[in-house]
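Engineer: First, the structure itself, so that you have it in front of you.
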Amino acid sequence: MKTELTINGTQHKLELDPRTTLLDALRHHLGLTGSKKGCDHGQCGACTVMVNGRRINSCLTLACMHDGDEITTIEGIGQPDNLSPLQQAFISQDGFQCGYCTPGQICSATAMLEEIAEGWPSHATEDINDRPSLTVDEIAERMSGNLCRCAAYPNIVEAIRKTAEESA
């Protein structure tokens, strides 16, 4: 099946088996290996990317379903010589240990901060009529789909809070 994917601002024309997941297209057909295959069941978040600004588990969606969508991977968020503020905060707050989950964590947190900026409530939002505040409970609820086997959660939360404070 012919599919055109716009990934990190670059258009890619691919011919894929229609059963190819977005994650496999990114990793095996385009060489974008930042997104990881953790569980391959949508339970760990290691494969999180953003599609049209919203975070998704790329292991649970087919590449052909995203023809024409704007896909952002960790490679599109920052570069080693030009890190995003969130990537820099993960480093300064020691928000990773083994690093396997980090690309998914950063993609998810990037989209999550935009959700909060747009006023989207979560299950942890105390008053859905007010803009959500960036409490530890709010961050934990919103990031609950991204697991870290090393348990760096306190540092991940602090990196997210620091980034939000600095951009406010």
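The values are calculated or read from the model by the stated rules, or taken from the named source; none is laboratory data. The structure displayed is predicted, hence computed values, not measured ones. Glycine also receives a Cβ, built like all others from the backbone with ideal geometry; neighbour counts cover every protein chain displayed.
Engineer: What pairs come out if I take residues in segment 40-56 that are touching a residue at least 40 places away in the same chain (Cβ under 8 Å) and at positive phi and pair them with residues that are assigned to a loop (DSSP other than H, G, I, E, B) and of a type outside the set (A, V, I, L, M) whose C-beta lies under 6 Å away, six or more apart or interchain?
Structural biologist: 45/145; 45/146
Engineer: Scan segment 10-18 and give yes if some residue there is assigned to a loop (DSSP other than H, G, I, E, B) and without any contact (Cβ under 8 Å) to a residue 24 or more places away in the chain, otherwise no. Write out each step before concluding.
Structural biologist: Filtering segment 10-18 down to residues assigned to a loop (DSSP other than H, G, I, E, B) leaves 16-18.
Still in the running and without any contact (Cβ under 8 Å) to a residue 24 or more places away in the chain: 17.
Yes: segment 10-18 contains one or more residues that are assigned to a loop (DSSP other than H, G, I, E, B) and without any contact (Cβ under 8 Å) to a residue 24 or more places away in the chain.
Engineer: Of all the residues that make up segment 47-90, how many are surrounded by 23 or more Cβ atoms within 10 Å (Cβ to Cβ) and among the basic types (Lys, Arg)?
Structural biologist: Matching residues across segment 47-90 total 1.
Engineer: Something else now. Look through segment 12-33, keep the residues that are under 18 Å from residue 68 (Cα atoms) and polar (S, T, N, Q), and return whichever of them is surrounded by the fewest Cβ atoms within 10 Å (Cβ to Cβ).
Structural biologist: 20
Engineer: All but one of (1) free of Cβ contacts under 8 Å to residues at least 24 places away in the same chain; (2) within 15 Å of the chain's Cα centre (by Cα) hold for residue 105, so report the exception by its number.
Structural biologist: So residue 105 meets the others, but not (1).
Engineer: (1) free of Cβ contacts under 8 Å to residues at least 24 places away in the same chain; (2) among the charged types (D, E, K, R); (3) farther than 25 Å from residue 147 by Cα: which one isn't true of residue 67, the others all being true?
Structural biologist: (1)
Engineer: Which condition breaks for residue 159 when tested against (1) surrounded by fewer than 14 Cβ atoms within 10 Å (Cβ to Cβ); (2) aliphatic (A, V, I, L, M); (3) assigned to a helix (DSSP H, G or I)?
Structural biologist: (1)
Engineer: Follow-up. Can you confirm whether residue 90 is within 30 Å of residue 28 (Cβ to Cβ), at pLDDT below 95, within 15 Å of the chain's Cα centre (by Cα) and not assigned by TED's automatic domain parsing to the domain that holds residue 27? First the steps, then the outcome.
Structural biologist: On the way: within 30 Å of residue 28 (Cβ to Cβ): yes; at pLDDT below 95: no; within 15 Å of the chain's Cα centre (by Cα): yes; not assigned by TED's automatic domain parsing to the domain that holds residue 27: yes.
Taking the combined requirement at face value, the residue does not satisfy it.
Engineer: Look at residue 142 and say whether it is loosely packed, with under 14 Cβ neighbours inside 10 Å, in contact (Cβ under 8 Å) with a residue 24 or more places away in the chain and out of contact with any strand residue (DSSP E or B) (no Cβ under 7 Å at 6 or more places or on another chain).
Structural biologist: Details: loosely packed, with under 14 Cβ neighbours inside 10 Å: no; in contact (Cβ under 8 Å) with a residue 24 or more places away in the chain: yes; out of contact with any strand residue (DSSP E or B) (no Cβ under 7 Å at 6 or more places or on another chain): yes.
Answer is no for this residue.
Engineer: Continuing with the same structure: So, of the residues in segment 91-107 that are small (Gly, Ala, Ser) and crowded, with 24+ Cβ neighbours inside 10 Å, which turns out to be nearest to residue 44 (Cα to Cα)?
Structural biologist: Going residue by residue through segment 91-107, those that are small (Gly, Ala, Ser) are 92, 95, 99, 104.
Keeping just the survivors that are crowded, with 24+ Cβ neighbours inside 10 Å gives 95, 104.
Numbers: 95: 17, 104: 9 Å.
Among those that are small (Gly, Ala, Ser) and crowded, with 24+ Cβ neighbours inside 10 Å, it is 104.
Engineer: Only one of 116, 106, 71 is in the same structural domain as residue 132 (by TED's automatic domain parsing) and either modelled with pLDDT of 95 or more or among the charged types (D, E, K, R) (or both); which?
Structural biologist: On the way: 116 fails: either modelled with pLDDT of 95 or more or among the charged types (D, E, K, R) (or both); 71 fails: in the same structural domain as residue 132 (by TED's automatic domain parsing).
One residue alone meets the criteria, 106.
Engineer: Does at least one position in segment 34-46 carry a residue that is farther than 26 Å from residue 142 by Cβ, more than 13 Å from the chain's Cα centre (by Cα) and either among the acidic types (Asp, Glu) or loosely packed, with under 13 Cβ neighbours inside 10 Å (or both)?
Structural biologist: As a first pass, look at segment 34-46 and keep what is farther than 26 Å from residue 142 by Cβ: none.
So far as segment 34-46 goes, no, none of its residues is farther than 26 Å from residue 142 by Cβ, more than 13 Å from the chain's Cα centre (by Cα) and either among the acidic types (Asp, Glu) or loosely packed, with under 13 Cβ neighbours inside 10 Å (or both).
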